[in-house]
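The values are calculated or read from the model by the stated rules, or taken from the named source; none is laboratory data. All figures in this text were calculated on a predicted structure; none of them were measured in a lab. Note that each Cβ is placed from the backbone with ideal geometry, even for glycine, and that neighbours are counted across all protein chains shown. The area values use the complete protein model at the heavy-atom level, side chains included, leaving out ligands, DNA and RNA. Shrake-Rupley method; radii C 1.70, N 1.55, O 1.52, S 1.80 Å.
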Amino acid sequence: MVRSRDVDGIDLNMGCPIHFSVQGGMGSALLKKPEIAVDILSTLKRNLPNPITCKVRLLETIPQTIDMLKMLEATGVSAMTVHTRHVKDRPRDPAKWDYMTHIVQGSLNVPLVINGDVFKREDIERARKETGASSIMIARGAMWDPSIFSETHEDVEVCITKYLNKCMEMGNNFKNSKYVVMQMCETLSKKAPRWIATQSSKNMAELCDIWDVNYVQTDTVVATNDDE
């Protein structure tokens, strides 16, 4: 209840296939136990004022996926996202947008959001037109190119500069800041001097120096190897 005051909405992620999540009964493990997912969503709806949403992956067949979504919809969720891959699929496997087209036609009433293989701004409208989805969820595409949401594309160097300045303004810790910058470096050659230097950086001051950003130490951002 206390945390719910700090957020605009709460999403139950049933799409994560990594071992850590699945072994704990979380993530895509819930796809095999939809009754537990229904109980979780119903409990959240009953006790919190926030909009509640959920995200799933494709089940073995389209009818099975639609049946599960209908169960989840009945809990009163505000929207549902479908990651258009099966649990067994890896990120390198193409997303199955054609499955989403059939799901959208499956007599569901809440907004349906498509996720998977949206890497460029033009992919957003293409995904909407090809599938009929209400909206788009972007994951890796947004990490690699935060300007994907803008009508004007910005080079990765510009995005990283803005991001590091925001990190210092907000007191973001070094390890998280470096992780995000490395994600933005995905489009660079792994032999590029800045890619190599970023990977080797040990503190916020070094990271800022690599990207020609004026480092400002704050009470919450400490330029040490133990920077948390």
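Below are the figures for this structure:
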item	result
Selected residue (criterion: surrounded by the most Cβ atoms within 10 Å (Cβ to Cβ)) from residues of segment 104-119 that are over 25 Å from MET184 (Cβ atoms) and under 19 Å from the mean Cα position of the chain (by Cα)	LEU112
Residue match in segment 186-199 (condition: surrounded by 19 or more Cβ atoms within 10 Å (Cβ to Cβ) and under 28 Å from CYS54 (Cα atoms))	no
Residues being farther than 26 Å from ILE18 by Cβ and in a helix (DSSP H, G or I) - total across segment 104-123	3
Condition met for MET184 (under 20 Å from GLY141 (Cβ atoms), among the aliphatic types (A, V, I, L, M) and in contact with a helix residue (DSSP H, G or I) (Cβ under 9 Å, 6 or more places away or on another chain))	yes
Test: residue in segment 146-169 that is out of contact with any helix residue (DSSP H, G or I) (no Cβ under 6 Å at 6 or more places or on another chain), at pLDDT below 95, of a type in the set (A, V, I, L, M, F, W, C) and exposed (fewer than 12 other Cβ atoms within 10 Å of the Cβ)	yes
Which listed residue, of LYS70, LYS33, LYS55, is among the charged types (D, E, K, R) and in contact (Cβ under 8 Å) with a residue 60 or more places away in the chain	LYS55
Any pair with Cβ under 8 angstrom, 6 or more apart, that starts in segment 137-148 at a residue that is among the aromatic types (Phe, Trp, Tyr) and ends at one that is in a helix (DSSP H, G or I)	TRP144/GLN183; TRP144/MET184; TRP144/GLU186; TRP144/THR187
The lone exception for GLU122 - which of (1) over 21 Å from CYS54 (Cα atoms); (2) open to solvent by less than 50 Å² (accessible area, probe 1.4 Å) it fails	(2)
